[in-house]
1. Quick test for you: out of P204, P262, P211, P270, pick the one residue that is over 30 Å from R94 (Cβ atoms) and in the same structural domain as S104 (by TED's automatic domain parsing).
2. Which of the numbered conditions does S181 fail, given that it passes all the others? Conditions: (1) at pLDDT 95 or above; (2) surrounded by fewer than 21 Cβ atoms within 10 Å (Cβ to Cβ); (3) among the polar types (S, T, N, Q); (4) under 21 Å from the mean Cα position of the chain (by Cα).
3. So which residues in the stretch 99-130 are among the hydrophobic types (A, V, I, L, M, F, W, C) and touching a Gly at 6+ places or on another chain (Cβ under 6 Å)?
4. Which condition does V118 not pass, out of (1) closer than 17 Å to A364 by Cβ; (2) touching a Leu at 6+ places or on another chain (Cβ under 8 Å), if it passes all the others?
5. Any residue in the stretch 357-380 that's closer than 12 Å to R392 by Cα: show its pairings with residues that are in a helix (DSSP H, G or I) and aliphatic (A, V, I, L, M) at Cβ separation under 7 Å, as long as the two are six or more apart or on different chains.
6. State yes or no: is P262 modelled with pLDDT under 95, surrounded by 23 or more Cβ atoms within 10 Å (Cβ to Cβ) and not aliphatic (A, V, I, L, M)?
7. Just to be sure before I move on: is T352 outside the structural domain of S142 (by TED's automatic domain parsing), over 19 Å from the mean Cα position of the chain (by Cα) and either closer than 30 Å to V141 by Cβ or of a type in the set (V, I, T) (or both) in the structure I sent?
8. Take the residues in the stretch 336-364 that are outside any strand (DSSP E or B) and in contact with a strand residue (DSSP E or B) (Cβ under 6 Å, 6 or more places away or on another chain), then tell me which one is surrounded by the most Cβ atoms within 10 Å (Cβ to Cβ).
Amino acid sequence: MSQIRVHWQKKSRGGHTGCLVLLLLFALSSTLLGCGQGRGGRQPVREQQQSQAQQAAQEQVVPVQPAFPHKTPGLILYNPEYAQNFYLALEDGRKVLYLHDPASDKTFRHEIGTVKRVVCLSTTHLAFIHAIGASASVCGVSGARYIYNPRLRQCTDVGYESSINYETLLKLAPDVVFAYSIHGKTADYITKMEQLGLNVIQIPEHTERHPLGKAEFLVAFAAFYGLEDQARQQFCEIRDAYLEYKSLVTGQKKEKVLINAPFNDIWYLPGSESHQNIFIGDAGGVLLGTCPGVNSSTISTEQAYLYALEADVWLNPNHYTQLAELENLDNRFARVPCFRNGNVWNNNLRSTPEGGSDYYESGAISPHLILADLIAILHPSLLPSHTFTYYRQLSRSQAAPQHP
């Protein structure tokens, strides 16, 4: 049985050139180290500044039909394996990126060329760009204090959504502004940027159901830099690593998992087809209380307590870092087995002092590392020498997070 790890080392000499390095570390005694990149971890700023419960409430998106029932008659340059909401084509000698928004069921066509200057309004997008070695092209970001990547934290901060500084944005003169949309929320700031003549492209990678579908957007970003071939290879290695980790849990007993914590007295649970549920299932777990479909559902704290009595593991309790905080929230939870056994874990091991989490930044293109963490939590005997990348075990005392 082996461990597999994929990461990229960047070399810079008057610039930033990506050098792809595939490291295969065999034997159970090998250690899985952290992979630095810029959120996804995709953590869009919206997720960095809000709890996981709020994020779950926002992502109520269910495609009503296949994203692209009728694809272009042109040459398909890239037809994704997992991602449902993009593809690349060649039409009349021009590279075209097709994007689908599941919330509105609209398809958008973008003719693209090589870019030199970009602004990213989501930290996840920074992760994709960093992974292909193109960080030097980023001239502006949104919410710099929430960015985990040290180099990209230094970029000009253009502000956040309705508080964007349009004068600063125009001075940066980006070739593209990579943005995002949230189902059910108006985006007047996007309309304003378009009215100012900026080339705004809304990337819907956060709507993908499968973790590998989200990671596959690496190829979409690479198309703006002429690096599609490199990104294809990178994605294939991420996919293979993910599937190898997934194979480790074959035949293992399913561990019962409680997820999240209450927000405003409401407890959100991801749907059975959500990327979070897929992660837990592929790690050899079963999520308690989940409902069919992609949409999140809500339960009362009382119902969550009943699930907690069954749970072997408690994951992602919002922003909390100590068991005492959860006990203060509702002291009944201090009596459940997973709490008493200290089997409570959160994905905020790598975070900024202001609360940004690399799980939502580099995690977008590192689903294999997230899966490895989850397997080590649910089935520790399968990865006995594992070093955690994103998850940490909550303790009675405050443990220092890993800051950039």
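1. Sole residue among the options that is over 30 Å from R94 (Cβ atoms) and in the same structural domain as S104 (by TED's automatic domain parsing): P211.
2. Just one mismatch for S181, condition (1).
3. V119, L126, A127
4. Of the numbered conditions (1) closer than 17 Å to A364 by Cβ; (2) touching a Leu at 6+ places or on another chain (Cβ under 8 Å), the odd one out for V118 is (2).
5. Close Cβ pairs (under 7 Å, with a partner that is in a helix (DSSP H, G or I) and aliphatic (A, V, I, L, M)) amount to L374/I280.
6. Taking the combined requirement at face value, the residue does not satisfy it.
7. no
8. D358
The values are calculated or read from the model by the stated rules, or taken from the named source; none is laboratory data. Given the structure is predicted, the values throughout are model-derived calculations rather than measurements. Methodologically, a virtual Cβ is constructed for each residue, glycine included, from the backbone with ideal geometry; neighbour enumeration extends over all protein chains shown.
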